[in-house]
Amino acid sequence: MKVMCKYLKLMLLAGFMLGSMVLNAQEAKLVRAQALYNEKKPDIARLCIDSVVTHPETAKRYEAWTIRGFVYYEIYKRNDKNVLESSLRDTIISSIKRSNQLKPDADYKSQNDKILSTISVHYRSIARSYLFEQSNYELSLKAYNKFRELFLLADSVANIKERDIEYNLAVGSHFSDKFNLDKSNVKAFEIAKVTLMKALEMNPTDTSANMNMGVMYLNQATSLIEKIDAGEASIKDVDIIQDDAAKLAKQAEQFFLKVYNQNNKNRKAVLALYYVYRVLLDEAKILAFEQKCKELKIQVMDESSNPKK
């Protein structure tokens, strides 16, 4: 991150303006820390700058805290960029926050924002890694919330809504896929449901979220019907299972209809609704959506099935 070189020049110029005045020991360390940073010697610079920010004479210099953040960043980026818990990263963030509290000038504030933005991207990458590589929602969410905090610190007027929708859709889609493959995975269903509903709170007409929610409910409904068809249900339980399947199908219907009402030629929504009405034994709508499938050249299977996402 080559963003600090000009500060050394600014500080040296300030020194020249002092004429014959001599920098005190801590100010000299501040200049030294910045010089070492520019010379790509962050480990030595770290010793200088840590002394500077703890000394009463320089502890309230926003320049010192910004430089500390950048010095630590050079050390942090070696091994900690993809680590969720990093004391080096914590030091960078706390240093930049302290610099901002001390009301830096426009140049320093800009550099503070840049480093916060850069680190926020690292957190976002970590969130994706925990989600897609480990299916660990708890740690993924922790990393995402860190991203969110720094993203807004770097730009308080930024629109975070689109990123929130994107993240919740990614989580919801990932865990709905896992649930659809293994309907005993209740945890996957709950995570998918919570995150997809968050996405729908922010954008009620989102096609992906509505389809994912609908498919999960429809899959549960058809699984119950398949249980009856396979003779796995006792006669006394058939009516109860059919009622449960109908309730799940009605849950699915509301989500598919949101998509269908926006675009009545959406092939996935049309096919999904056809299967919903088969579960509900609604003959009129079965025929109507069977005809729509023919018009859109959608292949309909005789057996109960679910639309692929």
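Please determine, in degrees from 0 to 90 and to the nearest 10, the orientation of helix 207-229 with respect to the longest principal axis defined by the Cα atoms of the chain, where the helix direction is its Cα long axis.
For helix 207-229, the angle is close to 40 degrees.
Putting +1 on Lys and Arg Cβ atoms and -1 on Asp and Glu Cβ atoms, find which of SER140, TYR130, PHE70 reaches farthest to the positive end of the dipole of the chain.
Selected residue: PHE70.
Relative contact order for the range 202-309 using alpha-carbon pairs under 8 Å, separation at least 6, rounded to a whole percent?
Values: 122 pairs, mean separation 33.8, N = 108.
The value is 31 percent.
Could you sort out which of LYS193/LYS250; LYS146/LYS187; LYS97/LYS198; LYS187/LYS268; LYS178/LYS236; LYS161/LYS183 sit more than 20 Å apart by Cα distance in this structure?
LYS146/LYS187; LYS97/LYS198; LYS187/LYS268; LYS178/LYS236; LYS161/LYS183
Work out the FRET efficiency for VAL186 and LYS236 from their Cβ-Cβ distance, taking R0 = 30 Å, and round it to the nearest 0.05.
Details: r = 25 Å, r/R0 = 0.85.
My answer for the efficiency is 0.75.
Can you figure out the FRET efficiency of ILE160 with GLU295, using R₀ = 35 Å and their beta-carbon distance, to the nearest 0.05? Before the final figure, lay out the partial values.
Values: r = 42 Å, r/R0 = 1.19.
It comes out at approximately 0.25.
Measuring from the lowest to the highest alpha carbon on each principal axis, how far does the range 24-102 reach, largest first, in angstroms?
So the extents along the principal axes, rounded to whole Å, are 39, 28, 14.
Taking +1 at the Cβ of each Lys and Arg and -1 at the Cβ of each Asp and Glu, which of ALA209, TYR275, ASN100 sits farthest along the dipole of the chain towards its positive end, judged by Cα position relative to the Cα centre?
Of the options given, the answer is ASN100.
Relative to the first principal axis of the alpha-carbon coordinates of the chain, what is the inclination of helix 87-101, with its axis defined by its Cα atoms, in degrees from 0 to 90 and to the nearest 10?
Long axis of 87-101 versus the principal axis of the chain: about 70 degrees.
With charges only on Cβ, +1 for K and R and -1 for D and E, what is the dipole size of the chain about its Cα centre, in debye, rounded to 20?
Numbers: 47 positive and 39 negative charges, 289 e Å.
Dipole about the Cα centre, nearest 20: 1380 debye.
Relative to the first principal axis of the alpha-carbon coordinates of the chain, what is the inclination of helix 267-280, with its axis defined by its Cα atoms, in degrees from 0 to 90 and to the nearest 10?
So the helix axis and the longest Cα principal axis differ by about 50 degrees.
With only Lys, Arg, Asp and Glu charged, each at its Cβ (+1 for the first two, -1 for the last two), find how big the charge dipole of the range 67-135 is about the Cα centre; round to the nearest 20 debye.
Roughly 80 debye for the range 67-135.
Normalised by the residues of the chain, what does the relative contact order come to in percent, with Cα pairs under 8 Å and at least six apart?
9 percent
Considering only the other residues whose Cβ falls under 15 Å of the Cβ of LYS161, what net charge follows from Lys and Arg at +1 and Asp and Glu at -1?
Counting the neighbours of LYS161, the net charge comes to -3.
Throughout, read-outs are computed from the coordinates displayed, never taken from laboratory work. All values reported here derive from a predicted model rather than from experimental measurement. Don't worry about glycine lacking a Cβ; one is built from the backbone with ideal geometry, like all the others, and counts go over all protein chains shown.
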